[in-house]
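Right, one structure below, let's go through it.
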Amino acid sequence: MPIGAYDPNNNEFYIPSTLTVSTGKTVVWFNGDTAAHTVTSTTNAFDSGNMASGATYQFAFNTTGSYDYYCTYHPFMKGAIVVQG
């Protein structure tokens, strides 16, 4: 999450907004913004909880599929993980 991700006028919220990984890979998110954020699955598959500035969260994707996620504090912040076998 880059600096300014909290601003709905920003063009980048999660970088990259869509990431493709292989089954079994662990994805790490880093909050580089000054505001707190979350990484929350739209299907409740994962949830980082509160991530203060400088915090990291990681999740291992062991099942193929597409995982959409967003920030509960800033719902306009959206991203996706695509897991391929």
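The values are calculated or read from the model by the stated rules, or taken from the named source; none is laboratory data. None of these values were measured; they are calculated from a predicted model. Glycine also receives a Cβ, built like all others from the backbone with ideal geometry; neighbour counts cover every protein chain displayed. In case anyone asks, the SASA skips ligands and DNA or RNA and just uses the protein heavy atoms, side chains included. Shrake-Rupley method; radii C 1.70, N 1.55, O 1.52, S 1.80 Å.
Only protein heavy atoms count here; under a 1.4 Å probe, T64 has an accessible surface of about 80 Å². With θ taken as phi - 60° and the Karplus curve 6.51 cos²θ - 1.76 cosθ + 1.60 applied, the whole-hertz 3J(HN,Hα) list for region 74-81 is 9, x, 6, 7, 9, x, 8, 10 Hz, x standing for glycine and proline.
Rolling a 1.4 Å probe over the protein heavy atoms of the chain, with every protein chain left in place, gives an accessible area that is 49 percent carbon and sulfur. Computed on the chain, with alpha-carbon pairs under 8 angstrom and 6+ residues apart, the relative contact order is 35 percent. Calculated from the structure at hand, P(r) over Cα pairs in 10 Å bins from 0, in percent is found among (1) 19, 51, 26, 4; (2) 20, 54, 24, 2; (3) 17, 37, 35, 10, 2 as (2). Of all DSSP bridge pairs formed entirely within the chain, close to 75 percent run antiparallel. Note on I3: accessible area is roughly 130 Å² with a 1.4 Å probe, heavy atoms of protein only.
Counting other C-beta atoms within 10 Å, and keeping those with at most 14, which DSSP coil chymotrypsin sites (Phe, Trp or Tyr not before Pro) do you find in region 1-76? Passing sites in region 1-76 are Y73, F76. A simple rule links phi to the HN-Hα coupling: the Karplus curve 6.51 cos²θ - 1.76 cosθ + 1.60 with θ = phi - 60°, which for region 20-26 gives 9, 9, 8, 3, x, 7, 9 Hz, with x for Gly and Pro.
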